[in-house]
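So the structure is just underneath, and the comments pick up after that.
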Amino acid sequence: MDTKHATSIMKIAKGSIETPVYLLDESLIEANMKILRHVKDSTGCKVFHALKAYASFATFPMMSRYLDGVCASGLNEARLGREEFGKEVHTFSAAYRETEIRDILKYSDSIIFNSFYQLEKYGKAAKNKGIGIGLRVNPGYSEVETEIYNPCAQYSRLGIVHSIFRREFPQHRSLVDGLHFHAMCQQNADVLERILGSFEKYYGKFIKGLKWVNFGGGHHITREDYDIELLIQLINAFKLKYGVQVHIEPGEASVYNTGFLISTVLDIVKNKAEIAIMDASAEAHMPDVLLMPYRPNILGSGTRNEKAYRYRLAGPSCLAGDVIGDYSFDKPLKRGDKLIFTDMALYSIVKNTTFNGINLPDIAVIRAGGKIEIVKKFGYRDYRDRQS
């Protein structure tokens, strides 16, 4: 984000906007869309946005102009994709519920199965409706260091392993249109290159006659140091070698560095350190801060000891570990100050909770021209209706 954008966001925060609030910058999202469209135009691949990372449909009309559609993780995402994005919907789940499969097929253009059992149970119904059918496979290689995010970790339930695939696939081949693998998380194209080497080693001989291969998500395409030209080369080489369409499913890359969470300092207490209690919660409003874990950036802040005034920032919930991180500032914080957490569009809104009955942050969009539109406000009914 350039200085101009940062200054604009800080001006908004200093104004009358109520907090906590997720602030989505549509112009920044569109800049990411243009990068993804460049990959699409340079390769002829299909690019689908992963709803699991970001599903705020207030920006879908703009995003749908650039992408081929969305990938969904189940019925609700598939329906949202069909109704709000309005283009192709490709659905994968580790297992499908029998009570939902009819509607999933209604909303999906393709469905990807995680086992031959699921393929046998639902594949013919999908084929009879003209829906594309894929199998998710385990490529046998990944470089994801955080175990909870590693789809190829030991005992992973995600993707058919090669020993089973090579035995079972020949008898099911007539039903299958494509293969899908996903083995990345916030990584560059050189990682994809090594994963492709493993994938081709195990599954390359089965690709002939298929229509497509899906390279999954985790491609950090819109990050400044991402090697876009290598990605383009890999896709083009794969298409030429196997004669198939290639799909990719960026989620985080769609909205990387395009959203903010503005939060107000409610109080400052002291226990060997200055502790600022915010009206935003790590546990409820930015859960990946605790799960990943990671320390989100705040505009105008420094690392723990970088600047003169040091604070631990924490949420208002009863969880003792509801701690956002340690920061430093050029000036002392005051009760009522607003702080701006960056890169909060992805995996925040889709994961947040009403733990402790804490209200969810509002959702606002900065439209083209700078107009701020509050697209959603939450209150007691949103908490109540989730309980019973």
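The values are calculated or read from the model by the stated rules, or taken from the named source; none is laboratory data. Everything numeric in this text was worked out from a predicted model, so none of it was measured. All Cβ positions, glycine included, derive from the backbone under ideal geometry; neighbour counts span all protein chains shown. All accessible areas refer to the heavy atoms of the entire protein, side chains included, with ligands and DNA or RNA removed. Shrake-Rupley method; radii C 1.70, N 1.55, O 1.52, S 1.80 Å.
Structure notes:
- Total charge dipole magnitude, the stretch 1-148, about the Cα centre, Cβ charges on Lys, Arg, Asp, Glu only, Debye to nearest 20: 460
- Remark: the chain carries a charge dipole of roughly 720 debye about the Cα centre, counting +1 on each Lys and Arg Cβ and -1 on each Asp and Glu Cβ.
- Extent of the stretch 180-313 along its three principal axes (Cα atoms, max minus min coordinate, largest first): 66, 26, 23 Å.
- In the calculated pair-distance distribution of the stretch 234-309, the portion above 15 angstrom amounts to 75 percent of the Cα-Cα pairs.
- Shape index of the stretch 272-388: Rg/Rh, with Rg the Cα radius of gyration and Rh the Kirkwood radius from the inverse mean 1/r over Cα pairs, equals 0.99.
- Centre separation in Å (Cα based) which lies between the stretch 315-388 and the stretch 195-273: 27
- Directionally averaged projected area (the stretch 73-113, Cα convex hull): 2.4 nm².
- Loop-located GluC sites (Glu not before Pro) in the stretch 213-300, at most 14 other Cβ atoms within 10 Å (DSSP): 224
- The residues of the stretch 1-112 present an accessible area of 44 Å² per residue when probed at 1.4 Å with all protein chains retained.
- Estimated translational diffusion coefficient (Stokes-Einstein, Kirkwood radius over Cα pairs, 10 °C, 1.306 mPa s) of the stretch 67-155: 114 µm² per second.
- Cα Rg over Rh - the stretch 122-234, Kirkwood: 0.99
- Averaging the sequence gap over all C-alpha pairs within less than 8 Å and six or more residues apart, then dividing by the number of residues, gives the chain a relative contact order of 19 percent.
- Cα-based Rg / Dmax (Å) for the stretch 7-93: 15.1, 46
- Positive-end residue, the chain charge dipole about Cα centroid, Cβ charges, pick of 70, 149, 228: 70
- Carbon/sulfur fraction of accessible area - the chain, other protein chains in place, 1.4 Å, %: 49
- Where both bridge residues fall in the chain, DSSP classifies roughly 45% of the beta bridges as antiparallel.
- Taking all protein chains into account, the per residue accessible area for the stretch 199-322 stands at 45 Å² (1.4 Å probe).
- The stretch 156-213: radius of gyration and largest Cα-Cα distance (Dmax), Å: 12.3, 36
- Peptides 78-89, 160-171 ranked from most to least packed, by the mean per-residue count of other Cβ atoms within 10 Å: 78-89, 160-171.
- Compactness check for the chain: Cα Rg over 2.2 N^0.38 Å is 1.05.
- Centroid-to-centroid separation of the stretch 280-309 and the stretch 144-177 [C-alpha atoms, Å]: 36
- Listed pairs 14/334; 106/351; 40/239; 40/201 exceeding 18 Å between Cα atoms: 106/351; 40/201
- Cα-centred dipole magnitude for the stretch 303-388, charges only on beta-carbon of K, R (+1) and D, E (-1), debye, nearest 20: 200
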